[in-house]
Amino acid sequence: MKLIDRRLRLTELLLRISISVLALLGLILIVTDSEVKLIFTIKKTAKYSDMKSVVFLVVANGIAAVYSLLQSVRCVVGTMKGTVLFSKPLAWTIFSGDQVMAYLSVAAIAATAESGMIAREGEEDLQWIKVCNMYGKFCNRMAIGVSSALFASIAMVFVSCMSAFSLFRLYGATKDRRTSPW
């Protein structure tokens, strides 16, 4: 069981560090992205704050990066001390935090993906134009930032599953299964 615990802690640490890096990378790519076009005599700048779903993704990535960084520190300290998570209240807190982060990031990715598809493909029924035809560099860099955030979100889902495993194994079988009526 100690080998499984050690591998689980190492995997959790690597996933949490990758979440921090990928979420921060996505945040930086999105926030620093802009493109200016001259339409007749009017300058129009495309930036991330023009789409509220992207602002939501930036905020969610910032929160996820900080949360994962703090949890990474907790993992390192736990590994250095050689302690295993035996406290049910702490396990519930970590599990709940991981669930919130996973759901928050998945929601932000879904909203941004929809906005991105509308920007790329347009919406003929509503007479919305294809914005990415005008702002190609902006859309391509935004797609890279959203992809980074997507990989961070996938990693958060895996970490959430791992924290669920860590929590629910604390509630292991306390009764002898052979004497159970079921």
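The values are calculated or read from the model by the stated rules, or taken from the named source; none is laboratory data. Predicted model only: the values in this text are computed from it and were never measured. Counting neighbours? That spans all protein chains shown, and the Cβs are built from the backbone with ideal geometry, glycine included. All accessible areas refer to the heavy atoms of the entire protein, side chains included, with ligands and DNA or RNA removed. Shrake-Rupley method; radii C 1.70, N 1.55, O 1.52, S 1.80 Å.
Counting only heavy atoms of the protein chains, get the accessible area per residue of the chain (1.4 Å probe) and round it to a whole Å² value.
Numbers: 11670 Å² over 182 residues.
Normalised by residue count, the accessible surface of the chain is 64 Å².
Pick from Thr112, Thr93, Thr41: which is most flexible by mean-square fluctuation in a GNM of the chain where alpha carbon atoms under 10 Å apart are linked?
With Cα springs under 10 Å in the chain, the top fluctuation among Thr112, Thr93, Thr41 is at Thr41.
Please give the helix 88-121 orientation as an angle from the longest Cα principal axis of the chain, in degrees from 0 to 90, rounded to the nearest 10.
For 88-121 against the chain, the angle is about 20 degrees.
What number does region 59-109 give for Rg over Rh if you use C-alpha atoms and the Kirkwood radius? Could the numbers behind the result be given before it?
Working: Rg = 12.4 Å, Rh = 11.9 Å.
Rounded to two decimals, Rg/Rh equals 1.04.
Run the numbers for Val36 and Met134: contour at 0.36 nm per residue of separation, minus the present Cα-Cα distance, in nm. Show your work: numbers first, answer last.
On the way: separation 98, 0.36 × 98 = 35.28 nm, distance 0.99 nm.
Here the segment from Val36 to Met134 would lengthen by 34.3 nm.
Find which of Ile109, Ser153, Thr32 sits farthest along the positive direction of the dipole of the chain, computed with +1 on the beta-carbon of Lys and Arg, -1 on that of Asp and Glu, about the Cα centre.
The listed residue farthest towards the positive side: Ser153.
Ignoring ligands, DNA and RNA, what percent of the 1.4 Å accessible area of region 75-144 is carbon and sulfur?
65 percent
Report, to two decimal places, the Cα Rg of region 1-95 normalised by 2.2 N^0.38 Å (N = number of residues).
Working: Rg = 19.8 Å, N = 95, 2.2 N^0.38 = 12.4 Å.
Ratio of Rg to 2.2 N^0.38 Å for region 1-95: 1.60.
Going by Cβ distance under 4.7 Å, what cysteines of the chain have no possible disulfide partner?
Cys75, Cys161
How much length would be gained if the chain were fully extended between Phe151 and Lys52, taking 0.36 nm per residue of separation minus their Cα-Cα distance, in nm to one decimal? Please report the intermediate quantities before stating the final value.
Details: separation 99, 0.36 × 99 = 35.64 nm, distance 2.10 nm.
Residue separation times 0.36 nm, minus the Cα-Cα distance, leaves 33.5 nm.
To the nearest 0.05, how large is the calculated FRET efficiency for Ser87 and Glu124 if R₀ is 35 Å and r is the Cβ-Cβ distance? The partial results should precede the final answer.
On the way: r = 56 Å, r/R0 = 1.61.
Between Ser87 and Glu124 the formula returns 0.05.
Given R₀ = 22 Å, what would the calculated FRET efficiency be for Gln99 paired with Val73, taking r from the Cβ atoms and rounding to 0.05? Each step should come with its number before you reach the end.
Numbers: r = 20 Å, r/R0 = 0.91.
Efficiency computed from Cβ-Cβ geometry: 0.65.
Please give the helix 52-81 orientation as an angle from the longest Cα principal axis of the chain, in degrees from 0 to 90, rounded to the nearest 10.
The angle comes out near 30 degrees.
Assign unit charges at the C-beta atoms only (+1 for Lys and Arg, -1 for Asp and Glu), then state the dipole size of region 1-100 relative to its Cα centre in Debye, rounded to the nearest 20.
On the way: 13 positive and 6 negative charges, 38 e Å.
Dipole about the Cα centre, nearest 20: 180 debye.
Once fully extended, how much extra length lies between Ile4 and Lys44, figured as 0.36 nm per residue of separation less the alpha-carbon to alpha-carbon distance?
Values: separation 40, 0.36 × 40 = 14.40 nm, distance 5.57 nm.
Taking 0.36 nm per residue and subtracting the Cα distance, the gain is 8.8 nm.
Can you give me the three principal axis dimensions of the chain from its C-alpha atoms, in Å, biggest first?
The principal-axis extents, from largest down, are 80, 41, 23 Å.
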